[in-house]
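**Student:** First, the structure itself, so that you have it in front of you.
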Amino acid sequence: MDALYKSGLEKITEGHVFYGFENQEAYLNNLISFILSGIENHQQILIIENMRYLPIVRAKIDKLISAENQSTIRLVNNYEYYLSSGDFNTHTILTHFANDLSLLKKENSSIRTWAHVEWASAQPDAQLLNEFELSADDFVLEERMLSVCAYSSKHLTSNLSVALEQSHKYVMTDDTLSISTLYSK
């Protein structure tokens, strides 16, 4: 669980974070640390994760987190967000996000989100991705929440990485966190 504390993510309470991960173990440790930090801060937590990692995350949550605290965590299959209506349909993604957040907001507490973003195409449209992330950034700022967008680095081109750094205030790796030099807000 030390990976998050090396990255510095626990020091921020709101903002939009682009996390380009390389190592699965570090990724999962950062995710679980993110959840534990959310519980410590009495937040509702939305995790949008892929089918391969969901059982691993569920097992770690069951092992580390009390049943009472587990009720603050909503786990969602990222297929519903990113692929169910075609490859990376911005309207569908934002609709799912708003619906899930409205369920969490009923608890009248702050929210943090973590999304493992994926797409079906071999090469996603950098412009479309940038438009989506700029819309998400506006939402995160308006709601004053902490939101991590995690992408596997092996699927990112330099153009995609630049687009993501432009639309996120923070840039994270498996063991670092910094303010994006390309963020324009």
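**Student:** List the trypsin sites (Lys or Arg not before Pro) in the range 112-164 that DSSP assigns to loop (not H, G, I, E or B) and whose Cβ has at most 13 other Cβ atoms within 10 Å. Which are they?
**Tutor:** Here the sparse-neighbourhood loop sites are 144.
**Student:** Across the range 153-164, in residue order, what do the Karplus-derived ³J(HN,Hα) couplings come to in whole Hz, using 6.51 cos²θ - 1.76 cosθ + 1.60 with θ = phi - 60° and x for Gly and Pro?
**Tutor:** Taking θ as phi minus 60°, the curve returns 4, 5, 9, 9, 7, 5, 4, 5, 4, 4, 4, 5 Hz for the range 153-164.
**Student:** Between their Cα atoms, which of 60/185; 11/63; 154/185 are more than 31 Å away from each other?
**Tutor:** Table pairs above 31 Å Cα-Cα are 60/185.
**Student:** Apply 1/(1 + (r/R0)^6) to the Cβ-Cβ distance of residue 155 and residue 56, taking R0 = 22 Å, and write down the FRET efficiency to the nearest 0.05.
**Tutor:** 0.70
**Student:** Let me ask another. Applying the Karplus parametrisation 6.51 cos²θ - 1.76 cosθ + 1.60 with θ = phi - 60° to the phi angles of the range 66-73, what ³J(HN,Hα) value in whole Hz is obtained for each residue in order, glycine and proline being reported as x?
**Tutor:** 4, 4, 4, 6, 5, 5, 8, 10
**Student:** Mind checking which of 129, 173, 159 is farthest towards the positive end of the range 124-174's charge dipole, using Cβ charges of +1 (Lys, Arg) and -1 (Asp, Glu) about the Cα centre?
**Tutor:** 173
**Student:** Turning to a different aspect of this structure: Counting pairwise Cα distances across the range 126-184, what percent come out greater than 20 angstrom?
**Tutor:** In whole percent, the long-distance tail amounts to 18.
**Student:** Another one. Sort 160, 128 so that the residue with the fewest other Cβ atoms within 10 Å of its own Cβ comes first and the one with the most comes last.
**Tutor:** With the fewest neighbours first, 160, 128 line up as 128, 160.
Laboratory data are not the source of any read-out in this text; all were calculated from the coordinates shown. All figures in this text were calculated on a predicted structure; none of them were measured in a lab. Cβ coordinates were reconstructed from backbone atoms using ideal geometry, including for glycine residues, and neighbour counts include every protein chain displayed.
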